[in-house]
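One structure is given below, encoded as structure tokens.
The values are calculated or read from the model by the stated rules, or taken from the named source; none is laboratory data. Keep in mind that this is a model prediction, so the values were computed, not measured. Heads up: the accessible areas ignore ligands, DNA and RNA and are worked out on the full protein's heavy atoms, side chains in. Shrake-Rupley method; radii C 1.70, N 1.55, O 1.52, S 1.80 Å.
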Amino acid sequence: MKTIPIEQLALGMYVESIPDHPSLSMIQKGYIQDPSALGMLRNLGVERIIIDPSKSKGAPAATRATSSKVKSPSKANLKNELPRAKKLLTQAKKLQSRLMSDVKLGQKIDLQPVNAMADEFIGSVFRNPSALACLRLIKDKDDYLLEHSLGVTILMTLFARALGISGTTLHQLCVGSLLHDIGKIRIPEEILNKPGKLTPDEFEVMKTHAAHSRTIIAATPGISKVSLDVAAMHHEKLDGTGYPMGLKGEQISMAGRMVAICDIYDAMTADRVYHKGMAPTLALKRLLEMTPHALDKNLVVKFIQTLGVYPNGCMVELTSGRVGIVMETQDRKPTKPLVKVVYNLKSHTHVMQSEIELEKHNDSIVKAIDPRDYKLDLTNYL
């Protein structure tokens with residue numbers, strides 16, 4: 001065995017273990033075959049790796065042969081990607097409904113359309129991550145079950161991309177996210193669709209959906225361990241207070257730690273029949289408060305950096321007295337995003353919609369606001 005600094009890790013090396021990072025089970029032991037693994041490890045602060053030189057070999061032939069030919073999706077501006085992303089979400093909701101109907105009838109999940117849908121989500125995020133990020137905040141409180149799975153998928157794809165994860169691992173994370181709540185189809189309808197807060201007994205029944213998801217997905221031909229971890233661990237907590245298995249610390253893989261963050265954040269920011277969703281900025285603060293006992297602090301910090309101080313789709317008050325929607329944050333200062341101005345707080349009137357780069361204007365963000373306080377509907381502006 002040999003310990004090497006992360007800078008020396010290369011494709012084809014055989015990893016025995018990752019000191020101080022036992023949760024990285026996605027690539028904990030085995031050959032480094034995906035270039036995205038290198039970037040991910042660096043992004044997560046890994047400084048050294050224990051390898052087995054006797055098992056290590058050159059970069060896999062398939063990787064060498066295709067790496068120069070594989071092209072990332074071409075970039076798109078937000079205006080062009082938004083309609084594509086809207087169409088994608090409509091198609092994804094139909095697929096979710098079909099999958100749940102199949103499972104309810106006792107059929108196994110057909111992974112082919114799920115794989116294709118995962119590729120569509122990844123393609124949209126790589127063309128322009130802001131489109132799906134903005135649309136995630138447009139939700140129908142009566143359609144929470146379907147929209148939550150899609151929201152988690154969007155967040156997971158954005159998060160994984162920011163961590164430097166790509167290729168097969170990114171695809172598997174996306175597939176697991178699309179399927180993570182499939183077990184809810186086995187929850188009695190009167191509990192699943194109850195128009196009010198669940199009683200303690202009802203909540204215990206609801207919690208069984210995670211075990212149902214694990215069982216259903218484990219029986220799916222062709223499913224990967226990463227995808228299964230996403231579904232099985234999305235309600236696990238580092239301190240062992242999660243469910244269904246009550247896993248602790250090192251027992252929860254990196255995929256499980258990532259999806260727990262995405263699942264909680266999407267749930268906190270969603271409207272339900274019985275309560276109003278939390279503002280994105282407040283939800284990010286709550287995530288931090290859940291570290292390090294329940295959530296992985298390092299990953300939560302990375303998640304907040306991924307979404308930004310003011311996440312895409314968030315409505316903000318500007319010093320000029322106007323209201324804007326955060327449209328794009330990538331490659332900009334956290335407090336100086338591209339915003340679409342839609343409303344004037346001083347005159348309480350709508351204004352001609354215009355996009356402004358705060359970095360180039362004498363205007364700045366005062367605070368995030370709840371659009372419902374001003375009877376504004378995000379759907380009208382995206």
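Averaged over all directions, how much area does the convex hull of the C-alpha atoms of the range 96-167 cover when projected, in nm²? Mean projected area of the Cα convex hull: 5.5 nm².
The accessible area of Ile4, taken with all protein chains in place and a 1.4 Å probe, comes to roughly 10 Å². Both the radius of gyration and Dmax for the range 226-305 are 12.4, 36 Å, in that order, over alpha-carbon atoms. With the whole protein complex present, Asp119 retains an accessible surface near 90 Å², based on a 1.4 Å probe. Remark: the range 271-342 carries 42 Å² of accessible area per residue (probe radius 1.4 Å; ligands, DNA and RNA excluded). For the range 293-300, 3J(HN,Hα) computed residue by residue from phi via the Karplus equation (6.51, -1.76, 1.60; θ = phi - 60°) reads 6, 9, 10, 6, 4, 4, 6, 5 Hz, glycine and proline entered as x. Here the chain is described by how far its Cα atoms reach on the three principal axes: 73, 52, 38 Å, from widest to narrowest. What the range 159-224 shows is 42 Å² of accessible area per residue, with the surface traced by a 1.4 Å probe over protein heavy atoms.
Based on Cα atoms of the range 286-382, Rg over Rh with Rh as the Kirkwood radius reads 1.04.
On the chain, 52 percent of the accessible area sits on carbon and sulfur atoms, based on a 1.4 Å probe. For the range 202-241, the normalised intensity computed at q = 0.15, 0.30, 0.31, 0.35 Å⁻¹ comes to -0.38, -1.01, -1.04, -1.14 (log10 of I(q)/I(0), Debye sum over alpha carbons, equal scatterers, no solvent).
Derived scalar couplings between HN and Hα for the range 149-165 equal 4, 6, x, 5, 4, 4, 4, 5, 5, 4, 5, 4, 4, 5, 7, x, 7 Hz in order, rounded to whole Hz, by the Karplus curve 6.51 cos²θ - 1.76 cosθ + 1.60 (θ = phi - 60°), x for Gly and Pro. Taking amide H as placed 1.01 Å from N in the peptide plane, Met278 has its amide H under 5 Å from the amide H of Thr269, Ala270, each at least 5 places away in sequence or on another chain.
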